1. For residues that are out of contact with any Gly (no Cβ under 7 Å at 6 or more places or on another chain), assigned to a helix (DSSP H, G or I) and open to solvent by 50 Å² or more (accessible area, probe 1.4 Å), tally how many sit in segment 162-208.
2. Take segment 90-118 and flag every residue that is under 25 Å from Tyr186 (Cβ atoms) and not in a helix (DSSP H, G or I).
3. Condition check: under 21 Å from Asp205 (Cβ atoms), of a type in the set (Asp, Glu) and at pLDDT 95 or above. Does Glu23 satisfy that?
4. With respect to Ala90, determine if the residue is out of contact with any helix residue (DSSP H, G or I) (no Cβ under 7 Å at 6 or more places or on another chain), farther than 21 Å from Asp176 by Cβ and surrounded by fewer than 15 Cβ atoms within 10 Å (Cβ to Cβ).
5. Would you mention how many residues in segment 119-145 are more than 16 Å from the chain's Cα centre (by Cα) and either free of Cβ contacts under 8 Å to residues at least 12 places away in the same chain or assigned to a loop (DSSP other than H, G, I, E, B) (or both)?
6. Against the definition (buried (at least 16 other Cβ atoms within 10 Å of the Cβ) and assigned to a helix (DSSP H, G or I)), how does Ile67 come out, yes or no?
7. Mind listing whichever residues of segment 35-52 are in a helix (DSSP H, G or I), near the ligand (Cβ under 10 Å from one of its atoms) and of a type in the set (A, V, I, L, M, F, W, C)?
8. Among the numbered conditions (1) in contact (Cβ under 8 Å) with a residue 60 or more places away in the chain; (2) within 14 Å of the ligand (Cβ to nearest atom); (3) not small (Gly, Ala, Ser), tell me where Asp56 comes up short.
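The values are calculated or read from the model by the stated rules, or taken from the named source; none is laboratory data. What you are looking at is a predicted structure, and each value in this text was computed from that prediction instead of being measured. Virtual Cβ from ideal backbone geometry, glycine too; neighbours counted across all protein chains shown. What goes into the accessible areas is simple: the full protein's heavy atoms, side chains included, and nothing from ligands, DNA or RNA. Shrake-Rupley method; radii C 1.70, N 1.55, O 1.52, S 1.80 Å.
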Amino acid sequence: MTITFITGANKGLGRETARRLIELGHTVVLGARDPERGAEAAAALGARFVPIDVTDDASVAAAAKNIAEHEGHVDVLVNNAGITGPHRDAVDLTSADALGVYDVNVFGVIRVTTAFLPLIRRSQDPVIINVSSGMGSLVFTHDPERAESKIIAPLYTSSKAALTMLTTQYAKAFPDVRINAVDPGYTATDLNDHSGPQTIGEGTDAIVALATERPGAGTGRFVDRSGEIALR
Ligand SMILES: NC(=O)c1ccc[n+]([C@@H]2O[C@H](COP(=O)([O-])OP(=O)(O)OC[C@H]3O[C@@H](n4cnc5c(N)ncnc54)[C@H](OP(=O)(O)O)[C@@H]3O)[C@@H](O)[C@H]2O)c1
């Protein structure tokens with residue numbers, strides 16, 4: 001039985017990933033910061049709800065303790081929780097804006113990874129999936145043919161670039177764990193007021209693929225639903 005823990009899974013890509021992985025036989029522990037919405041989503045999908053706010057050390061530690069006591073280990077950790085931050089003109093951005101976005105998209109992943117590594121390392125085939133974005137790709141944001149090159153969002157893009165780098169660094173630091181970053185692609189969710197052209201099914205294809213790979217599939221990669229993305 002594969003035990004999978006997903007952060008920010010009460011809605012959007014996290015929730016659909018939970019639904020699909022349950023359908024594929026995973027035991028999913030559904031992480032969400034809002035107790036009511038988290039419990040409702042877990043009940044609807046057949047998951048177990050664990051509260052987690054990735055910006056709060058105590059909340060992250062409590063989630064790891066909870067799972068240690070109930071499931072005993074984690075096979076697949078999906079660091080999915082993420083925010084865009086304020087849609088402000090670049091000239092008006094503040095350090096508080098930056099801290100807010102990075103606290104979820106980057107520091108949150110560091111908090112969760114550090115707290116969950118002992119649980120992950122109890123798995124026979126440990127996997128961490130970091131939900132990054134093509135918006136954080138230097139290649140995509142410099143390719144005039146790609147939609148990513150047309151958008152100016154300094155905090156979101158740089159936080160996702162940092163997350164992809166964090167992923168490749170962790171992959172080198174922890175060779176016993178398969179750690180990859182994923183670009184779901186521009187998908188209709190609350191994150192973008194449902195402006196994305198992809199369906200939620202398309203948006204979760206690459207996450208589900210990484211969560212169901214065989215041992216030895218490779219670490220330190222950045223992938224989307226078409227395959228591997230060039231890192232430079
Ligand atoms: N949709 C896209 O086009 C797209 C493209 C590339 C990458 N992504 C990435 O995919 C991931 C999921 O995004 P989505 O589109 O599914 O967005 P979404 O529908 O807005 O869902 C985001 C999830 O993250 C949770 N979250 C936010 N802050 C949190 C915190 N401090 N602690 C715990 N959970 C928190 C939200 O919880 P609440 O409901 O409580 O706010 C929600 O469950 C994000 O990392 C995003 O950057 C999305």
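1. Residues in segment 162-208 being out of contact with any Gly (no Cβ under 7 Å at 6 or more places or on another chain), assigned to a helix (DSSP H, G or I) and open to solvent by 50 Å² or more (accessible area, probe 1.4 Å): 4 in total.
2. Leu93, Val106
3. Taking the combined requirement at face value, the residue satisfies it.
4. Considered against the rule, which asks whether it is out of contact with any helix residue (DSSP H, G or I) (no Cβ under 7 Å at 6 or more places or on another chain), farther than 21 Å from Asp176 by Cβ and surrounded by fewer than 15 Cβ atoms within 10 Å (Cβ to Cβ), Ala90 comes out as no.
5. 11
6. Taking the combined requirement at face value, the residue satisfies it.
7. Ala41, the sole residue that qualifies.
8. Condition not satisfied by Asp56: (1).
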